[in-house]
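Notes follow the structure.
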Amino acid sequence: MKKKLISMILAASMSASLLAGCSTFESDNSSSKTKTTKASTEAAEDDTETSAAKETEAADAKESASENETADAAGETKDTAKAETEEAETKTEAEGSEATGSGSFVWACPSLIGMNPVKSNSNNDYDVYYLTQAGLVRPTEDGYEPDLAERWEISKDKLTYTFYLRDSKWSDGEPVKADDFVYAFSQYLDPELAWINQSYLTYIEGAQAYASGEGKWEDVAVKAKDDKTLEIKVTNPGTDLLTVLAFITPYPLRQDKMEEYGDAYGSSVDKSLYSGPYTCTEWILDSKYVLTKNDTYWDAKDNWQIQTIEGMEIADDGTKVAMFENGEIDAIYTIGGQYVDQMTEDGAAVTPFSSNGIEAMYFNENTKNEAAKEVLSNADFRKALSYALNREGIAQAVNPLFHGYNRITTEVYTDGNGKKVTDEYPVECAPLAGDEEKAKEYLDKALKALGYADASELPDMTLMSYERDDHKLMGEMMVDAWKSILGITSIKYEQYPINTAIGNFYALSFDMFVIGTEGGVFPYSNAMNFKTGGDLNPGYWSNEKYDSLIAKISESTDAKEQNDILNQAEQLILDEGIYCPLYMQGQATVAQDYVENFSVAKKGYGYFFKDLKVNK
């Protein structure tokens, strides 16, 4: 089960607004294939008509190229008249399937944990929300496209965004209104609810004060001008609000249903409401879920042709592979690296890729384990554990698709010159292969400061994570390294069901915790998680200097200045050792040869099944 608490990177750095000046964007209502990409965002300095024409030409060219490629591929396979006949029959059946929205897709994928977007702490859920909900814009592989917002305008000063909603309905037939977004934003920003992606919305005027408990909701600049018009104002003209909205996708919420079901909202299929292309019609926790096409969704007629999607939680890779080979499932969300070569040789459509996710260990200075609190609050002790780890060795043992990592900022971001931010802004950190001598030096310094004669006197501590086979191996290797290199025998590794583990993390009921997260929208996004009250800092650490640096990043509109400050913040947190990166995640999806257009988010979240076909 892949864990991603923060997800979907659609832009590598803070960029200008989608359209310069007093500008507009309008989708082509005759086609749902209009897409806004990073390239078009950077180039969109022309007037509306020119921008729309360029986008239409690009979309047409892309569609034409796709059709030509399909035709060429089809031509190569037509070896006999019989093959041609069979292909024609298959095509006819497929077209009939598209017309009625028939067909099913069964696959092995992460489990669905909950269906309340406000309360979800796992992007296992957000992957499914991509199918069951709809936002103002919809993330795509190469950017985003209009969804419930048919078009939008950006003011000349780039501070006001006006969204015009298309005619769309909830799964119960009620219209989706601008007020549903206003109510949703009030929930996502509610300081008591502390939504996991809340910090991304603090770019909105009045949002920071409200989310911190110091302001009023009435002062937050998210307003419904009428049922079909939503206005959002931001505080910084450098904010790329469209990318932010695509990245975190704050879905609309119906106030009447949220209040009717209360805390039970999203706890079962009959206590949930859907605005997207599918509804959830069956859900067994830690087992499976079934999604059924939502005919009330505005784009249901032209796209999203698979009628039912069944997602099965299968923990063991061997079991998944066996079921795939037996034809019991159509695809697998991720397989272990050891299966990639063989499955490729067997003719399966295997797609390996690196994600923007970092697996990392967090130390808790405010642990409820009183005997260990002082030890875990010692930066030298934390760095001793960090420097003792061979990150590359652990990563490769866990999964050949992973690689060791030791930075806060992920390696996918580039600066204004196209150079990697991590290359241009180096930091001093633990070597990927570890440094045993340095680790021992840090431990000796820590033991002296703490008043211990040697490592055998250290209190019992626990390294915690959630249940997953590769995490078990990772945890055991980490504990073994600390034992063999540093002589620390008092640390044990424990795994819990994912809901329990995540609950312990946010309740600060842990000593050390390993979890995977996504890098975020901007180069500094991950660093923002660790400020006091940050999305991934429920209270395990606080540092005034670090908070000050993060605040300066948010205030700046210059990318170079932001990267300079980020470099200082990253060095500070690595020196503190409170956050210990372990490795960058990678994975491989696999699909049967009869499955077409199967795609999942390579960076971020989402199951991109809009054009999915199952021809069997």
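The values are calculated or read from the model by the stated rules, or taken from the named source; none is laboratory data. Predicted, not measured: the structure shown is a model, and the values here were computed from it. Here the Cβ is made from the backbone with ideal geometry for all residues, glycine too, and neighbour counts use every protein chain on show. When the accessible area is computed, the model is the full protein with side chains, heavy atoms only, and any ligands, DNA or RNA have been set aside. Shrake-Rupley method; radii C 1.70, N 1.55, O 1.52, S 1.80 Å.
Please determine, by comparing only the residues of the stretch 293-315 that are small (Gly, Ala, Ser) and within 19 Å of SER122 (Cα to Cα), which one is most open to solvent (accessible area, probe 1.4 Å). It would help to see each step written out before you state the result.
Step one: filter the stretch 293-315 for residues small (Gly, Ala, Ser), giving 300, 311, 315.
From what's left, within 19 Å of SER122 (Cα to Cα): 311, 315.
Numbers: GLY311: 1, ALA315: 81 Å².
In this case the residue turns out to be ALA315.
Within the stretch 443-458, track down each residue that is in contact with an Asp or Glu (Cβ under 9 Å, 6 or more places away or on another chain) and either open to solvent by less than 30 Å² (accessible area, probe 1.4 Å) or of a type in the set (A, V, I, L, M, F, W, C) (or both).
LEU443, ALA446, LEU447, ALA449, LEU450
Of the residues LYS483, LYS472, only one is farther than 17 Å from SER386 by Cα, without any contact (Cβ under 8 Å) to a residue 24 or more places away in the chain and either open to solvent by 30 Å² or more (accessible area, probe 1.4 Å) or part of a strand (DSSP E or B) (or both); which?
Sole residue among the options that is farther than 17 Å from SER386 by Cα, without any contact (Cβ under 8 Å) to a residue 24 or more places away in the chain and either open to solvent by 30 Å² or more (accessible area, probe 1.4 Å) or part of a strand (DSSP E or B) (or both): LYS472.
Can you tell me which residue among GLU214, GLU231 is in a strand (DSSP E or B) and surrounded by fewer than 23 Cβ atoms within 10 Å (Cβ to Cβ)?
GLU231
Which residue, of ASN366, ASN390, is open to solvent by 50 Å² or more (accessible area, probe 1.4 Å) and over 27 Å from ALA588 (Cα atoms)?
It is ASN366.
Can you pull out the residues in the stretch 548-605 that are closer than 30 Å to ALA349 by Cβ, open to solvent by less than 20 Å² (accessible area, probe 1.4 Å) and part of a loop (DSSP other than H, G, I, E, B)?
SER599, ALA601, GLY604, TYR605
Go through the stretch 85-110 and count every residue that is open to solvent by less than 10 Å² (accessible area, probe 1.4 Å) and modelled with pLDDT under 90.
1
Being part of a helix (DSSP H, G or I) and either hydrophobic (A, V, I, L, M, F, W, C) or crowded, with 24+ Cβ neighbours inside 10 Å (or both) is the filter here, so list the residues in the stretch 200-211 that pass it. Show your work before the answer.
Initially, the stretch 200-211 is screened for residues part of a helix (DSSP H, G or I), giving 200-203, 207-211.
Result: TYR200, LEU201, ALA207, ALA209, ALA211.
Give the residues of the stretch 399-421 that are open to solvent by 20 Å² or more (accessible area, probe 1.4 Å) and at pLDDT below 95, sorted by residue number.
Residues satisfying the conditions are PRO400, LEU401, HIS403, GLU411, VAL412, THR414, ASP415, GLY416, ASN417, GLY418, LYS419, LYS420.
Which one of the conditions (1) assigned to a loop (DSSP other than H, G, I, E, B); (2) surrounded by 20 or more Cβ atoms within 10 Å (Cβ to Cβ) does ASP180 fail to meet, given that it meets all the rest?
It fails just one condition, (1).
Just checking, which of MET361, MET312 is under 21 Å from LEU612 (Cα atoms), hydrophobic (A, V, I, L, M, F, W, C) and under 22 Å from the mean Cα position of the chain (by Cα)?
On the way: MET361 fails: under 21 Å from LEU612 (Cα atoms).
Within the list MET361, MET312, the selection yields MET312.
So MET258 fits all but one of (1) out of contact with any strand residue (DSSP E or B) (no Cβ under 9 Å at 6 or more places or on another chain); (2) in a loop (DSSP other than H, G, I, E, B); (3) aliphatic (A, V, I, L, M); what number is the exception?
(2)
Which of the residues that make up the stretch 272-292 are crowded, with 19+ Cβ neighbours inside 10 Å and charged (D, E, K, R)?
none
Suppose we filter ILE488, ILE502 for residues that are farther than 23 Å from ASN567 by Cα and in a loop (DSSP other than H, G, I, E, B); which single one remains?
So the residue among ILE488, ILE502 that is farther than 23 Å from ASN567 by Cα and in a loop (DSSP other than H, G, I, E, B) is ILE488.
Find the residue count for the stretch 344-393, including only residues that are assigned to a helix (DSSP H, G or I) and of a type outside the set (A, V, I, L, M).
Adding up the residues that qualify gives 14.
So TYR540 passes all but one of these: (1) open to solvent by 10 Å² or more (accessible area, probe 1.4 Å); (2) assigned to a loop (DSSP other than H, G, I, E, B). Which condition number does it fail?
Against the list (1) open to solvent by 10 Å² or more (accessible area, probe 1.4 Å); (2) assigned to a loop (DSSP other than H, G, I, E, B), TYR540 comes up short only on (1).
Mind listing whichever residues of the stretch 144-164 are of a type in the set (S, T, N, Q) and part of a strand (DSSP E or B)?
THR160, THR162
If VAL427 satisfies every condition in (1) open to solvent by 50 Å² or more (accessible area, probe 1.4 Å); (2) assigned to a loop (DSSP other than H, G, I, E, B) but one, which is the exception?
(1)
Among what's in the stretch 432-442 and is open to solvent by 50 Å² or more (accessible area, probe 1.4 Å) and of a type outside the set (A, V, I, L, M, F, W, C), pick the residue that is nearest to the chain's Cα centre (by Cα).
Looking at the filtered set, the residue picked out is ASP435.
Quickly run through the stretch 119-134 and pick out the residues that are under 15 Å from ASN197 (Cα atoms) and open to solvent by less than 10 Å² (accessible area, probe 1.4 Å).
SER120, SER122, ASN123, ASN124, ASP125, TYR126, ASP127, TYR129
Among the residues of the stretch 322-343, which ones are farther than 21 Å from PRO581 by Cβ and not in a loop (DSSP other than H, G, I, E, B)?
Hits for the stretch 322-343 are ALA322, MET323, PHE324, GLU325, ALA331, ILE332, GLN338, TYR339, VAL340, ASP341, GLN342, MET343.
Looking at the stretch 507-529, can you tell me whether even one residue there is closer than 23 Å to PHE381 by Cα and open to solvent by 60 Å² or more (accessible area, probe 1.4 Å)?
no
Any idea how many residues of the stretch 316-353 are more than 23 Å from SER104 (Cβ to Cβ) and open to solvent by 50 Å² or more (accessible area, probe 1.4 Å)?
9
On the given criteria, is LYS368 modelled with pLDDT of 95 or more and closer than 24 Å to ASP480 by Cα? Reasoning before the result, please.
Details: modelled with pLDDT of 95 or more: yes; closer than 24 Å to ASP480 by Cα: no.
It is false that LYS368 is modelled with pLDDT of 95 or more and closer than 24 Å to ASP480 by Cα.
Mind telling me which of the residues ASP593, ASP575, ASP558, ASP535 ends up being of a type outside the set (Phe, Trp, Tyr) and under 28 Å from TYR126 (Cβ atoms)?
ASP535
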